[in-house]
Amino acid sequence: MEKLLTIVVPAYNVEKYIKNCLDSFIDLSVLRSLEILIVDDGSTDSTASLAHTYEQKYPYSFKVLSKENGGHGSTINYAIPRATGKYFKVVDGDDWLDKSLLPQFVQLLKHTHSDVISNDFNLVDDKTKKVTKRRKAVSNSYHYNREWGFAEAVMDPLITIHSMTIRTDVLQKNDIRVDEHCFYEDQEYILYPIPYCTSITFSPLPLYQYRLGRSGQSVDIKMMIKRHDQHLKVLDALFEYNNVHGNLQTYKKQYLERGIAEAVDDEYQIFLAKGNDTRNVEQMKKFDEMLREEHPGVYQACSRKSVWMLRKTGFKIFPMAAWVYSRLRGN
């Protein structure tokens, strides 16, 4: 039986969470349409052995792939050429899907030819297990359940790794690969395919459940400071990708630059979180000047008001902004 959807589960030392993740795919009415590739990234706990129990019970759908540790991006790179499903979706080993919505989502995939499907998704508090926020895939509900081009998509919220399902052949035929041994490569994963996509369908189904508040997550500002060099590495790769695709169709170019600008906004957040240090401020000014001169489209696409306030004042309000930011973080 041909597989409709490949679900890739990057898994590194997630023995505490992996059962909840894998259980969320087991709906027998659709399971045979799914290929679930659990990519064990060199775990040192019982993640792999737990995953193998699912492979043994449901060999027609679950497959465990074990490799040396290479980071989240390496698991995606490893899975792409091995995927056989028509569509491809990444579900991290500590997250899960709303199983009750899976049959509806499979039906959606059966009846669409879009290159990308972007769903609503939920943010779930790690401690309380309650949904704290629903992230919508569109700003205008009229855009749901219709196929659009990027002239329309550029007006809606950016696709995220949690909302995105993409045609596998887009990834395979265009040799999409992201950085390894590095965090924040998800921005590469969601942007690198854009030049090769022509259509997108938005779905209101909040399929993905994103665990938020777990200690050590890459989006934690303390971890972002610690991994600042990795964030810059990904930004440099995105800047280069934008340059290579300089002749991209107007709306796709705008979309690509909006996506890169979102990562740039996070870069300013890191600078603020580092505090009112003279060297830090000078580095931020230098970064901003480079951005304005070398990547004007990305510079203009930055959307956070705090960034534009800093720019308009010549960064003179940086000490106050850093102080306010630290108070909001509870420091």
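Any read-out appearing in this document is the output of simple, stated calculations on the displayed coordinates, not a laboratory observation. Keep in mind that this is a model prediction, so the values were computed, not measured. Reconstructed Cβ throughout: ideal geometry from the backbone, glycine too, with neighbour counts over all protein chains shown.
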Sort out for me the Cα centre separation of the stretch 136-187 from the stretch 103-121, rounded to whole Å. 12
Can you tally the net charge around A83? Count Lys and Arg as +1, Asp and Glu as -1, for every other residue whose Cβ sits under 9 Å from the Cβ of A83. +1
Counting sequence-distant residues (5 or more places) and residues on other chains, those with an amide H built under 5 Å from that of I36 are I7, F62, K63
Taking GluC sites (Glu not before Pro) that fall in a DSSP loop and have at most 11 other Cβ atoms within 10 Å as cut points, what is the longest piece of the chain between them? 69-331
Checking Y12, Y142, Y210 against a Gaussian network model of the chain (alpha-carbon springs below 10 Å), the top fluctuating residue turns out to be Y142
Within the set of other residues whose C-beta is less than 13 Å from the C-beta of K136, count the net charge using Lys and Arg as +1 and Asp and Glu as -1. +1
For the stretch 25-121, state which trypsin sites (Lys or Arg not before Pro) are in a DSSP loop and have at most 14 other beta carbons lying within 10 Å of their beta carbon. none
Take the alpha-carbon centre of the stretch 275-331, take the same for the stretch 1-28, and report the distance between them in whole Å. 40
Give me D41, D98 ranked fewest to most by other Cβ atoms within 10 Å of their Cβ, as a rough exposure proxy. D98, D41
What nm value, rounded to one decimal, do you get for the distance between H181 and S66 when each label is placed 7 Å out toward the C-beta? 2.3
Using the Cβ atoms and a cut-off under 11 Å, what net charge is assigned to the surroundings of E68, where Lys and Arg are +1 and Asp and Glu are -1? -2
In straight Cα distance, which aspartates and glutamates are under 14 Å from K129, not counting same-chain residues fewer than 8 positions off? D94, D95, D98
Of the candidates T44, T165, T75, which one comes out as most mobile in a Gaussian network treatment of the chain with C-alpha springs shorter than 10 Å? T44
Cut-off 10 angstrom, C-alpha nodes, Gaussian network model of the chain. Which of V178, V244, V264 fluctuates the most? V244
Simple label model, 7 Å out from Cα along Cβ direction - F287 to K19, nm: 4.2
In the structure shown, of K19/K136; K274/K316; K130/K226; K274/K305, the pairs separated by more than 25 angstrom at the C-alpha atoms are K19/K136; K130/K226
